[in-house]
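Each remark here refers to the structure printed beneath this line.
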Amino acid sequence: MNCGRLSDTMGKYFVPLAMLTLADRLRESLGKAEQVVVSLRGTGPQVLGLLHILDRTADLLAELESDGMDLRAEKTRFDTVQRQLRRRQNRFLIEAGAALSEERSSVQPAPERWWWFLDEAVAQQRQEQLRRTLTGGLGLAFVCVVAWLVYNQFFAPSPESQQAYRYSTVGEGLVEGGDLRAALPEFEAAAALTPDDSILWIWQGVIHLELDELDEAQEAFAIARPLYETEADFLLDRAMTYLHMGKLEAVSADIEQLLAIDPSSAMAYYLRSSVFVEQMDYASAIADLDRAGELAQAAGDTQLEATARVQRAMVMQMWGGQVITSTPDGG
C-alpha cells in the first residue's frame, strides 16, 4: 500500500495557508512532517518532500523563537520527528535513492540540516561497522565491494524506476491541469516499466472512469487488486487517488466499502474526514477525526493518533470552535 502518498493528498484538502498565522503554519508543517515520516514506504523520490518540510519547520521555529514565543511543545514534536527519521533512515534512503544527492546539490543545505546528509552518515556508519567486524584477511578491497553491493541492492533505484517516476510525475501534473487524455499515456508508460507499482494502475483506472471508459477502468483495477495484500488496502489507495482528483462521491463510496470490510480502520476515518472538510461539514469531520484517534490509540499507532488530534484542532479553527453534539452515521 502506498500510504506515503497520503501526506501530499491531505495537504490539498485542509486549511489554506492564507488563513493561518505564523504559529499555525508551524503547527501545520509539524503535522505534515509527522504524517510523512511514518508513511515512507512506496513513496519513491517523492519522499524528499519531507526534507523540505523539515527545512520549513526549522525556519519557522527560528523565526518565532526570535520573537520570544514559548515553543517547548513544538520543539518536542520537531525533535520526535527527527528521531523517527533517524530510526527509519534506511527506509528513507531506499525510497530516495540517487535523487537525494541530486536534490542536495540543487538546494545546497547548511551542514546543520543533517537530514540532507543521511546517505553520507549511513555510508560512514556502515564503513565503521564493517571495519569493526571484518577480519584483516578480508582486506580493504572486500570492504569496498560489499559497500558497492549494498548501495546497488538497497539504495540506488533502477533506471526503470527512475524513468517510471518521471512519467508518473508528468502524469500527475497533467491531471492537475485537467488534461486527463494526455495524462493517461504517461501512467501507461510508467506501468510498463514498473508493472508491480499498484498506484500506477489505480491512476489509469481512475482516469479511464473519468473519461467514461468503463471497461478499461475495470481492467486497470483488476490488475491493481492482486498487488495489494488486502482489498482494504486497495480501496484506501484508490480513495486517496479519487481525493487527489476531487471526486468526493467516489472517495466516500470506497471508504464505506473499506469500513464494511475493516470497521477498525483508523486511516479510513481519517481520510473520510477530508471529504467532510471539503463539504464544509465540520461536525462530521471532527467526529471522524475523534474516531480515527480512538482507533489509532487502540491499535498502538501513536503517530496517527497524534496527527488526528492536530488535524482536529485545525478543523475546529475553521469551524469556529463550536461544540460537537452529534456524529455521522457509521462514525
One residue is enough: does segment 298-309 have a residue meeting the conditions assigned to a helix (DSSP H, G or I), at pLDDT 90 or above and not assigned by TED's automatic domain parsing to the domain that holds Q35? yes
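Restricting attention to segment 98-110, does a residue exist that is over 26 Å from T169 (Cβ atoms) and at pLDDT 85 or above? I'd like the intermediate steps shown before the answer.
Taking segment 98-110 and keeping what is over 26 Å from T169 (Cβ atoms), we get 110.
Then keep just the ones that are at pLDDT 85 or above; that gives 110.
Yes, segment 98-110 has at least one match.
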Taking only segment 251-300 into account, find how many residues are among the hydrophobic types (A, V, I, L, M, F, W, C) and over 21 Å from the mean Cα position of the chain (by Cα). 9
For segment 181-190, state whether one or more residues are modelled with pLDDT of 85 or more and more than 29 Å from I94 (Cα to Cα). yes
Checked pairs for segment 66-83, first within 17 Å of S29 (Cα to Cα) and not assigned by TED's automatic domain parsing to the domain that holds W115, second loosely packed, with under 13 Cβ neighbours inside 10 Å and polar (S, T, N, Q), C-beta under 7 Å and 6 or more apart or across chains, list as none
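Check segment 199-206 and report whether any residue there is out of contact with any Ser or Thr (no Cβ under 9 Å at 6 or more places or on another chain) and not assigned by TED's automatic domain parsing to the domain that holds D288. Spell out the reasoning first.
Here is the first cut: in segment 199-206, the residues out of contact with any Ser or Thr (no Cβ under 9 Å at 6 or more places or on another chain) are 201, 204.
Within this subset, residues satisfying the condition of being not assigned by TED's automatic domain parsing to the domain that holds D288 are 201, 204.
The answer is yes, given that some residue of segment 199-206 is out of contact with any Ser or Thr (no Cβ under 9 Å at 6 or more places or on another chain) and not assigned by TED's automatic domain parsing to the domain that holds D288.
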Can you tell me how many residues in segment 215-229 are surrounded by 13 or more Cβ atoms within 10 Å (Cβ to Cβ) and outside any helix (DSSP H, G or I)? 1
List the number of the failed condition for M280; all other conditions in (1) surrounded by fewer than 24 Cβ atoms within 10 Å (Cβ to Cβ); (2) touching a residue at least 24 places away in the same chain (Cβ under 8 Å) hold. (2)
D59 passes all but one of the listed conditions (1) more than 18 Å from E103 (Cα to Cα); (2) touching a residue at least 12 places away in the same chain (Cβ under 8 Å); the exception is number (2)
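Give R291, R312 a once-over and let me know the one that is within 25 Å of L30 (Cα to Cα), modelled with pLDDT of 90 or more and of a type in the set (D, E, K, R).
Values: R312 fails: modelled with pLDDT of 90 or more.
Result: R291 is the single residue among R291, R312 that is within 25 Å of L30 (Cα to Cα), modelled with pLDDT of 90 or more and of a type in the set (D, E, K, R).
The values are calculated or read from the model by the stated rules, or taken from the named source; none is laboratory data. Predicted model only: the values in this text are computed from it and were never measured. Heads up, the Cβs are rebuilt from the backbone with ideal geometry, glycines too, and the neighbour counts pull from every protein chain shown.
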